[in-house]
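The values are calculated or read from the model by the stated rules, or taken from the named source; none is laboratory data. In this text, all values refer to a predicted model and were calculated from it rather than measured experimentally. Cβ: placed from backbone, ideal geometry, glycine included. Neighbour counts: every protein chain shown.
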Amino acid sequence: MKEGYLPKDQRKNILLITDDIRLPSGVGHIGKEIVIQTAHHYNWVNLGSAINHPDVGKKFDLSQETNKEIGIEDSSCFIIPANGYGTPDLLRHVIKEEKIDAVFIITDPRYFDWLFQIENEIRKKTPIIYLNIWDDLPAPMYNKAFYESCDALLGISKQTVNINKMVLGEKTKGKIIDYVPHGLNPKMFFPVDKTSEEFIKFKNEATKGREKDFILFFNSRNIRRKSIPDALLAWKYFIDSLPKEKADKCLFILHTELTSDHGTDLTAVHDYIFGEDNNTIIFSTQKLSTVQMNYFYNLADAQILLSSAEGWGLSLTEALLTGTPFIANVTGGMQDQMRFEDKDGNWINFDSEIPSNHTGAYQKHGKWAFPVFPSNLSLVGSPQTPYIWDDRCDPKDATTHITTLYNMTSQEREELGKEGYNWAHSEEAGFTSPQMAKRVMDSVDRLFENWKPRQNYEFIDANKIKEDRVPHKLLY
């Protein structure tokens, strides 16, 4: 029997509001792993979001599939499809009909404006749990009301946990604020036997039968903040430094969309930088199975992600679990996955003195990581998010790391990847879905044990209200 198992009639009923967990989005995937890995301990209902969801008005039972996955006989997992993330009336209906004990939300807080506006009503009977992330500093004081509206804040990155605490200030009292990093299924991403017939066939198809000495891999959406043109430019600098016969044995595979309104036209970028005859770039645009994605990471000598803003960076976690070293910008949750150490040799935590390591305060890190420190922190914003750093790196710094990895032997690269793999599975990191689920259960159980319903009203001394100011150094 799974550790923490409770009979179905003794479990709390939790409503998960996020993307439909059957869909391949990042938050949908994480939601699915949390549901599956904790279905022996909680009963779940997923208010499953999609744009113009085709199944609105239906209800799907995933209990039998979940039973097979985790080896029990009485899981209770349902999906109620929804357009967007729901409405107040839909939420009230589901809470009543499904006898919900807690509401669990994942994704950007602006998608839950409607929920936070009725939090006083909901929290009189039902606590709100928020698995949250924030990409960057300065501390978003404009999120304060959102954070105040939650009973438990589970921060995906160490930076986010610190942001939650700084923004809330005295309002942290009575709230659960814990670190719950993303975890992926180790049965889906893992090192494979590279001598197997199936893997060799995949490798030959992916490289079009050409023998390669070094393969770099990128896997993410074509959106502006992913800085894909910078990665292409870094590769161009690297290729130009090699004699042609050596350059021809290098390959950069990018699994992404060629064109996106949220990003750019990568075909135009490629043709402009490399010319149409360049054979060191391959774009993979077709939808791939998890097996194929796992093979791509195993095929690669290194992974690269130069995002200027990144809450976590799941492709780095996938690289870690497959034993693949990575090159990444030091920003957001990506810095957690590099395991920077403080002056005492401990995995870093953040505070108001050093709220992020994107300025390079700490230099020592895990051997599997090749960090690119931003060369510029630009303060940008929008009406909904008035200020946030945009951490832009210099592509030439990424080129230096590509060259370093290229000059290593394959055995040396594999040793670095093995260290990352072992750490990702360790109790300290815990970047697998079972470890993530255990952290969720520890936090949520503690919430249920200590939660006090929201009062009908609270008195606020208007004479003591101060305008919010940045609660940390701006130069650190």
Residue among D261, D230 that alone is without any contact (Cβ under 8 Å) to a residue 40 or more places away in the chain and assigned by TED's automatic domain parsing to the domain that holds Q411: D261
So which residues in the stretch 71-112 are at pLDDT 95 or above and assigned to a helix (DSSP H, G or I)? P88, D89, L90, L91, R92, H93, V94, I95, K96, E97, F112
Entirely in the stretch 223-313, the strands (runs of 3 or more DSSP E) that have 3 or more residues that are farther than 25 Å from M338 by Cα: 281-284
Against the conditions (1) of a type in the set (V, I, T); (2) assigned to a helix (DSSP H, G or I); (3) under 18 Å from the mean Cα position of the chain (by Cα), where does I327 fall short? Just the number, please. (2)
Pick from the stretch 31-65 the residues that are more than 16 Å from V103 (Cα to Cα) and under 23 Å from the mean Cα position of the chain (by Cα): which of them is surrounded by the most Cβ atoms within 10 Å (Cβ to Cβ)? Q37
Single match in K203, K194, K173, K144 (criterion: of a type outside the set (D, E) and free of Cβ contacts under 8 Å to residues at least 24 places away in the same chain): K173
Qualifying positions in the stretch 195-250 - hydroxyl-bearing (S, T, Y) and crowded, with 19+ Cβ neighbours inside 10 Å: S220, S227
Test: G4 is within 20 Å of H182 (Cβ to Cβ) and out of contact with any Lys or Arg (no Cβ under 6 Å at 6 or more places or on another chain): no
Does at least one position in the stretch 287-295 carry a residue that is of a type in the set (A, V, I, L, M, F, W, C), under 29 Å from F431 (Cα atoms), touching a residue at least 60 places away in the same chain (Cβ under 8 Å) and in contact with a strand residue (DSSP E or B) (Cβ under 9 Å, 6 or more places away or on another chain)? yes
Residue satisfying all of: in the stretch 300-328; touching a Ser or Thr at 6+ places or on another chain (Cβ under 8 Å) and within 19 Å of K201 (Cα to Cα); surrounded by the fewest Cβ atoms within 10 Å (Cβ to Cβ) among these: D301
Report yes if some residue within the stretch 409-423 is surrounded by 12 or more Cβ atoms within 10 Å (Cβ to Cβ), assigned to a loop (DSSP other than H, G, I, E, B), small (G, A, S) and outside the structural domain of K144 (by TED's automatic domain parsing); otherwise report no. no
Any chance K364 is in contact with a strand residue (DSSP E or B) (Cβ under 9 Å, 6 or more places away or on another chain), in a loop (DSSP other than H, G, I, E, B) and more than 24 Å from F238 (Cα to Cα): yes
It is to be established whether one or more residues within the stretch 290-299 are in contact with a Leu (Cβ under 7 Å, 6 or more places away or on another chain), at pLDDT 95 or above and of a type outside the set (G, A, S). no
